[in-house]
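What follows is one structure encoded as structure tokens, with my remarks underneath.
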Amino acid sequence: MADRGYDADQIRADIAYTGARPVITAKCRRRNPASHERHAYNLRNRIERIFHRLKTWRRVATRYDKTAQSCLGFVSIASAFLWLRFVHQH
């Protein structure tokens, strides 16, 4: 999934060649706008928002951890804190 900056016929062809389905909204000035799956594109927005929330934790944003295991551990802790905050709001 990508946003409008990646809306080009060649990029769409490369994605299709790999067997994936391109989910890119068309640029507003495109003559023949390509269709996209709106639901999948909306899910992309949710994923971007959770990454933004995780990056508010300085340790995640600056990648202080040296190993993948310790980085994943801290991302898990940060995710748990965000989830707890979400659960208690609702």
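The values are calculated or read from the model by the stated rules, or taken from the named source; none is laboratory data. Everything numeric here is computed off the predicted structure, so don't read it as measured data. Here the Cβ is made from the backbone with ideal geometry for all residues, glycine too, and neighbour counts use every protein chain on show. The protein model used for the area step is the full one, side chains on, heavy atoms only, and it has no ligands, DNA or RNA in it. Shrake-Rupley method; radii C 1.70, N 1.55, O 1.52, S 1.80 Å.
Brief remarks on what is shown
- Note on the chain: Rg/Rh from Cα positions, Kirkwood definition for Rh, rounded to two decimals, is 1.11.
- The value of relative contact order for the chain, using C-alpha pairs under 8 Å at least six residues apart, is 18 percent.
- Extension gain from residue 31 to residue 51, taking 0.36 nm per residue of separation minus the Cα-Cα distance: 3.9 nm
- Between 0 and 90°, nearest 10: helix 68-89 axis offset from the chain longest Cα axis: 90
- Approximate spin-label separation residue 18-residue 76, in nm, with each point projected 7 Å along Cα-to-Cβ: 2.7
- Per residue, the solvent-accessible area of region 7-64 (1.4 Å probe, heavy atoms of protein chains only, all protein chains present) comes to 85 Å².
- Sum of -39500 (n - 2.57) over DSSP H runs of 4+, divided by residues of the chain (222 nm, nearest 500): -18500 deg cm²/dmol
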